[in-house]
């Protein structure tokens with residue numbers, strides 16, 4: 001799949017049923033593109049925000065549910081805390 005994508009990237013759409021397989025497919029495609037010189041070998045990691053669907057509303061109010069380096073993004077903001085949306 002990665003080789004076909006690398007050969008025909010503009011005409012190819014890859015669809016994955018779940019996040020785990022999407023990540024593996026992306027890794028394979030990225031490696032293939034690097035080997036062909038279409039993507040630099042130097043990596044540039046970036047943080048990615050992930051939804052925390054596993055947390056209930058009550059959990060979100062409890063500091064112990066968070067870990068160091070977690071990012072919190074307010075979608076509606078908070079007047080009580082003086083935080084704007086986003």
- Message: Please verify whether residue 86 is in contact (Cβ under 8 Å) with a residue 12 or more places away in the chain and surrounded by fewer than 11 Cβ atoms within 10 Å (Cβ to Cβ), treating the condition exactly as stated.
- Response: yes
- Message: Can you pull out every residue in region 4-30 that is in contact (Cβ under 8 Å) with a residue 24 or more places away in the chain and within 18 Å of the chain's Cα centre (by Cα)?
- Response: 25, 28, 29
- Item | Meets criteria (modelled with pLDDT under 90 and under 15 Å from the mean Cα position of the chain (by Cα)) for residue 81 | no
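Residue check: is residue 17 closer than 30 Å to residue 86 by Cβ and either at pLDDT below 90 or assigned to a loop (DSSP other than H, G, I, E, B) (or both)? Before the answer, list the steps.
Details: closer than 30 Å to residue 86 by Cβ: no; either at pLDDT below 90 or assigned to a loop (DSSP other than H, G, I, E, B) (or both): yes.
So residue 17 fails the test.
Would you tally the residues in region 39-86 being part of a loop (DSSP other than H, G, I, E, B) and in contact with a helix residue (DSSP H, G or I) (Cβ under 7 Å, 6 or more places away or on another chain)?
Keep residues of region 39-86 that are part of a loop (DSSP other than H, G, I, E, B), which gives 39-56, 61-62, 66-77, 79-82, 84-86.
Going one step further and asking which of them are in contact with a helix residue (DSSP H, G or I) (Cβ under 7 Å, 6 or more places away or on another chain), we end up with 39, 41, 55.
Summing the residues that are part of a loop (DSSP other than H, G, I, E, B) and in contact with a helix residue (DSSP H, G or I) (Cβ under 7 Å, 6 or more places away or on another chain) in region 39-86 gives 3.
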- Kindly check whether there is at least one residue in region 41-54 that is at pLDDT 90 or above, under 30 Å from residue 6 (Cβ atoms) and exposed (fewer than 10 other Cβ atoms within 10 Å of the Cβ). yes
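The values are calculated or read from the model by the stated rules, or taken from the named source; none is laboratory data. Bear in mind the structure is a predicted one, so any value in this text is a computation, not a measurement. Every residue, glycine as well, gets a Cβ built from its backbone with ideal geometry; the counts of neighbours run over all protein chains shown.
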